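These notes concern the structure reproduced below.
The values are calculated or read from the model by the stated rules, or taken from the named source; none is laboratory data. It should be emphasised that the depicted structure is a prediction, and the values quoted were computed from it without experimental measurement. Every residue, glycine as well, gets a Cβ built from its backbone with ideal geometry; the counts of neighbours run over all protein chains shown. We work out accessible area using only protein heavy atoms, side chains counted, and drop any ligands, DNA or RNA first. Shrake-Rupley method; radii C 1.70, N 1.55, O 1.52, S 1.80 Å.
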Amino acid sequence: MKRKLGVSVYPDHSDIERDREYLQQAAGHGFSRIFMSMLEVTEDKDAVVKKFKDLIGFAKGIGYEIILDVAPNIFDDLGISYDDMGFFHDLGADAIRLDVGFDGSKEAMLTYNPYGVAIELNMSNDVAYLDNILTYQANKPYLYGCHNFYPQDGTALPYEFFEKCSIRFREQGIRTAAFITSQAGNIGPWDINDGLPTLECHRYLPVVAQAKHLWASGYVDDVIIGNAYASEEELKALGEINRYQLELTLDLVEVVNPVEETIAFGQQHYRRGDITSRMARSTEVRKVFKHDPNPPHDHKIMFQRGDVVIGNDGFGKYKNELQVILEPHEDSRKNKIGSIAPEEMILLDFILPWTKFRFKKGRCD
């Protein structure tokens, strides 16, 4: 399934012109999905409809898909019903997010609405909710899943629970999404905003590390910035991520020779299938560069988890093999060329047997 980047906007708490500028800016960096909050009615129905219809129309005009988050009280305030998706179709929404659960049969029936408005479910509960809906023969292409976000520090999901919840949706082939948090944004749906991530371990990480982690997990198709407004620097950095392959930021040591740079940044790496716990080995590169000299440097040290090394001239047939260190050890036949950026150390657990990976140049010591 194609992976998307998304942003969130909160028309009830923000300036509509600023929302337009933000959406235009994000679109320029490859964003194509919007989580749009519609949680309260502070104006009459006509004014609400006009505000959202205008913003949604603008967003669709520049290529966005819009998922509208609708609180249950909105239906009474606007005099509308879950049984008629025509209201949301007229607004231009592609999907609505259900914040309330029904009996399974109703959710399944909603996926057959004549307007083609998709139904998005809350993924952040480890219960058989999805299974129940699917037993009623739901229209799967019009059924999405999206995790919650958590504005209060300390309340977001631990990774193990996120994994259990996500597996339920992934096993059924349902399109999935989760939230990351901007370190610049301060707008959300509530008056508490300590960031808006799905995972607690992401709350204070740079956005790139958060997004890479979600995609590396294999459980998430779409990554959405939960709070507004992310900085343009964050939007640009997210837009440059390789969405389909693990790409690790490598901070280099002071001395790295041209052969080592070419091996690290110019080659496709993958971990051998017959793995060892000490390091992740990329062995094909040694065959390509078997005749290239590689004199020793930064080799008489204790290598630490996250270090990246390449076999030097003293390593025989293993010369120019690249390894990502997983357990500390010493071996003077290997040159340290750098270390995985500290904020991306959480990605090491996802270099599995046969995992394809690349490196992106970070800072240099």
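Could you tell me how many cubic angstrom of Cα convex hull volume the range 1-82 has per residue? Show your work: numbers first, answer last.
On the way: hull volume 7.9 nm³, N = 82.
Convex hull of Cα atoms, per residue: 97 Å³.
Sorting Arg278, Arg203, Arg358 by accessible area puts them as Arg278, Arg358, Arg203; the probe is 1.4 Å, largest comes first, and only protein heavy atoms count. State the antiparallel share, in %, of DSSP beta bridges confined to the chain, rounding to the nearest 5. Percent antiparallel among DSSP bridges in the chain is about 35. Given Asn113, Ala26, Gln172, which one lies farthest toward the positive end of the charge dipole of the chain, if we put +1 on the Cβ of every Lys and Arg and -1 on the Cβ of every Asp and Glu? Most positive-ward Cα: Gln172.
Taking the centroid of alpha carbons for each part, the range 100-135 and the range 55-69 are 23 Å apart. Amide H contacts for Ala118 (H built 1.01 Å from N in the peptide plane; partners 5 or more residues away or on another chain; cut-off under 5 Å): Ala95, Ile96. The calculated FRET efficiency for Thr276 paired with Asp90, based on their beta-carbon distance and R0 = 41 Å, is about 0.10. Given their separation in residues at 0.36 nm each and the Cα-Cα distance between them, Asn186 and Lys300 gain 36.3 nm when the chain is fully extended.
Relative to the dominant Cα principal axis of the chain, helix 16-27 is inclined by about 40°.
Quick one: length gained pulling Asn73 to Gln152 fully straight, 0.36 nm per residue minus the C-alpha distance?
Details: separation 79, 0.36 × 79 = 28.44 nm, distance 2.29 nm.
Additional length available on full extension: 26.2 nm.
In the chain, the DSSP-assigned H stretches of four residues or longer account for a calculated mean residue ellipticity at 222 nm of -7500 deg cm²/dmol, using -39500 (n - 2.57) per stretch and the full residue count as denominator.
Here's the picture: charge each Lys and Arg Cβ at +1 and each Asp and Glu Cβ at -1 in the range 232-365, and of Gly273, His297, Val309 the one pushed furthest to the positive end of that dipole is Gly273. With all protein chains in place and a 1.4 Å probe, the accessible surface of the range 211-365 carries 51 percent carbon and sulfur. Working from label points 7 Å from Cα in the Cα-to-Cβ sense, the Phe58 to Leu352 distance is 4.2 nm.
In order along the range 276-282, the phi-based Karplus estimate (6.51 cos²θ - 1.76 cosθ + 1.60, θ = phi - 60°) of 3J(HN,Hα) comes to 10, 7, 6, 7, 9, 9, 9 Hz; Gly and Pro are listed as x. Compared with the dominant Cα axis of the chain, that is its longest principal axis, helix 159-170 is turned about 60°. Counting every pair of alpha carbons in the chain, the share spaced more than 31 Å apart comes to 43 percent. Shown in residue order for the range 248-263 are the 3J(HN,Hα) couplings computed by the Karplus curve 6.51 cos²θ - 1.76 cosθ + 1.60 at θ = phi - 60°: 9, 7, 10, 7, 7, 6, 5, 10, 9, 7, x, 5, 5, 4, 5, 4 Hz (x for Gly and Pro). In this structure, the amide hydrogen of Thr249, modeled 1.01 Å from its nitrogen in the peptide plane, lies closer than 5 angstrom to those of Ala341, Lys360, counting only residues at least 5 positions away or on a different chain.
Amide H to amide H distances under 5 Å link Asn320 with Gly311, Asn312, where only residues 5 or more positions off or on other chains count and H is placed in the peptide plane.
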